[in-house]
Amino acid sequence: MLRRGSRATIERIVLAAALLACPCALFAQHGGGGGRIGGSSTGGGGLSSGNHASGVDAKDDLRDFHQIMAVQASNEQKIAYAAMVKSTATAGAELQRFVELLSKGQNSPEVARRDKSFEESIETARTLNKRLLEGFSEAQKSGLKEITKRLGKADSELAQQAKVLDQEVEANAAAPQMVGSAQNLERALTTFQREQADLGEEMSIAPSNKGQDSAFNLPPVKNKVKFADQAITVITSGVVSNSVAEGGGNTFAVQLTADMSDLQQSITDVLRARLDQADRCGERIAVQTGALTPRGSVAVVTTQLHYERWTCNTMFGRENMNEMVEGNGTIEVKMTPAVAEDGTLRLVAQLGRVEAEGLVGELLRSSTLGETLRDKISDSVLSALRQGGDFKAALPAGARSYATLRRVQFQETGLGHLITVLDGEIRVSNENLLAVTSELRERSLQPPEGSAPRPELVAR
């Protein structure tokens, strides 16, 4: 761990290094215990070719200098840090609005909606924090070990307090109890922010200038996705960091989160719309129940279904129907999101656990039936993800042609809700920088969909 305030000593360190590297350019030869500067004799506390300034240990300073350079943030890390700090501040603002609702005695549905909003903002802040730490070099991991340990502890406390409050909202607890939990969460969030600020200082990341945007919030947008007669809503929000200039271009880091909880609640109906079939002479499939659950970075769809296979033949002018196979089964499909070579979102799907007896079990495990069900199930989730969490569609129109999706991952929130985290970047030339920045700023000032308009925008 570097000494606090060590960044402010860089100039002194560089000077000491220069003195060590080339003392002959600054000092005359000396003898005995003194030296000569411009013909004057100096005492033991002065400067000479064999001594340093009083109170300065050049070896210690040079060691500090090398440590500072080893943990200094790269341009990409500065972008990621700005987005992280912005998202944490957004989480704090969402929490304040939640507390205001409780103090005004708002009804349960409104409290639940606001709880969901700041739950997502906290998850975004924690995700960005995790991503920054995961990108550390070996030198940064070693040099920043103490601060990252404290930050990890603050993150765990934040997650725990957020979970407690979510559970109370789910249980419709009394307002005073929720206010107390919200205050505990606020303290945990304050500690989290303080540790992030300390990390930025150690990585030599200067605070953003006052009045200058460090990042731009993308307000939540609700996207409807239809499956036959079933419609689900995917809520997408995010943050775009301010640009960093590189080689004549400018790079914005983008992180979006797509809330898939409505798909989780409606997954049985979605699966019925995609899988159910009743061929008179062929396969008959009826979905009984479905569940979509996150398991780390994997999403799992578990489907219970009834399966039949019928054949038909005609003898003596009369059609006969015969049931060849009949039974119930449970099939599990594991899905991991990825970015294809063309930059589009895809899902890598694998068959997991299969529970079924007899011929139904054999068909699900080893025939095209299991593969067909796997593909249809994953296509259903992918369709919701592509339409509801479209990476470019969530950005202002002027930024879309410059945007590239780099990484995607499933994550689980405190109460088992599934979210999709999409990371990417916007690269623009100097000529287009002002226009893109203006659009991002304008988008960040727009109120979230479904929220009350600001007083100054209400028609009179």
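The values are calculated or read from the model by the stated rules, or taken from the named source; none is laboratory data. Quick caveat: nothing in here was measured; it's all calculated off a predicted structure. Quick reminder, even Gly has a Cβ in these numbers, built from the backbone with ideal geometry, and neighbours come from all protein chains shown. These accessible areas exclude ligands, DNA and RNA; they are computed on the full protein's heavy atoms, side chains included. Shrake-Rupley method; radii C 1.70, N 1.55, O 1.52, S 1.80 Å.
Each residue in the stretch 269-297 was checked for being in a helix (DSSP H, G or I) and open to solvent by less than 30 Å² (accessible area, probe 1.4 Å), and 3 pass. Scanning the stretch 124-141 for residues that are open to solvent by 20 Å² or more (accessible area, probe 1.4 Å) and assigned to a helix (DSSP H, G or I) gives R126, K130, R131, L133, E134, E138, A139, K141. Just so you know, in the stretch 403-424 the residues that are closer than 30 Å to Q167 by Cα and charged (D, E, K, R) include one that is least open to solvent (accessible area, probe 1.4 Å), and it is D423.
For the stretch 49-87, give me each residue that is within 30 Å of A125 (Cα to Cα) and either at pLDDT below 65 or open to solvent by 50 Å² or more (accessible area, probe 1.4 Å) (or both). Break it down stepwise before answering.
Step one: filter the stretch 49-87 for residues within 30 Å of A125 (Cα to Cα), giving 67-87.
Within the stretch 49-87, Q67, M69, Q72, N75, E76, K78, V85, K86 meet the criteria.
Being open to solvent by 60 Å² or more (accessible area, probe 1.4 Å), on the phi > 0 side of the Ramachandran plot and either of a type in the set (G, A, S) or modelled with pLDDT under 80 (or both) is the requirement here; does G38 meet it? It is true that G38 is open to solvent by 60 Å² or more (accessible area, probe 1.4 Å), on the phi > 0 side of the Ramachandran plot and either of a type in the set (G, A, S) or modelled with pLDDT under 80 (or both).
On inspection, P207 fails the criterion of being modelled with pLDDT under 90, assigned to a helix (DSSP H, G or I) and surrounded by fewer than 14 Cβ atoms within 10 Å (Cβ to Cβ). Taken over the stretch 370-402, the residue count meeting the criterion of being in a helix (DSSP H, G or I) and either of a type outside the set (A, V, I, L, M, F, W, C) or surrounded by 21 or more Cβ atoms within 10 Å (Cβ to Cβ) (or both) is 21. I need a count of the residues in the stretch 310-336 that are touching a residue at least 40 places away in the same chain (Cβ under 8 Å) and open to solvent by 10 Å² or more (accessible area, probe 1.4 Å). Residues in the stretch 310-336 being touching a residue at least 40 places away in the same chain (Cβ under 8 Å) and open to solvent by 10 Å² or more (accessible area, probe 1.4 Å): 3 in total. Remark: T257 matches the filter, which requires a residue to be under 25 Å from R406 (Cα atoms), in a strand (DSSP E or B) and at pLDDT below 90.
Scanning the stretch 351-365 turns up no residue that is open to solvent by less than 60 Å² (accessible area, probe 1.4 Å), assigned to a helix (DSSP H, G or I) and touching a residue at least 60 places away in the same chain (Cβ under 8 Å).
State which residue is surrounded by the fewest Cβ atoms within 10 Å (Cβ to Cβ) when the search covers only the stretch 246-268 and only residues that are more than 30 Å from K116 (Cα to Cα) and in contact (Cβ under 8 Å) with a residue 40 or more places away in the chain.
Looking only at the stretch 246-268, we keep the residues that are more than 30 Å from K116 (Cα to Cα), and these are 246-251.
From what is left, the residues that are in contact (Cβ under 8 Å) with a residue 40 or more places away in the chain are 246, 248-251.
Working: E246: 11, G248: 8, G249: 15, N250: 20, T251: 20.
So, considering only residues that are more than 30 Å from K116 (Cα to Cα) and in contact (Cβ under 8 Å) with a residue 40 or more places away in the chain, the one surrounded by the fewest Cβ atoms within 10 Å (Cβ to Cβ) is G248.
If you go through the stretch 290-313 and keep only what is under 16 Å from R353 (Cα atoms) and of a type in the set (S, T, N, Q), you end up with T293, T302, T303, Q304.
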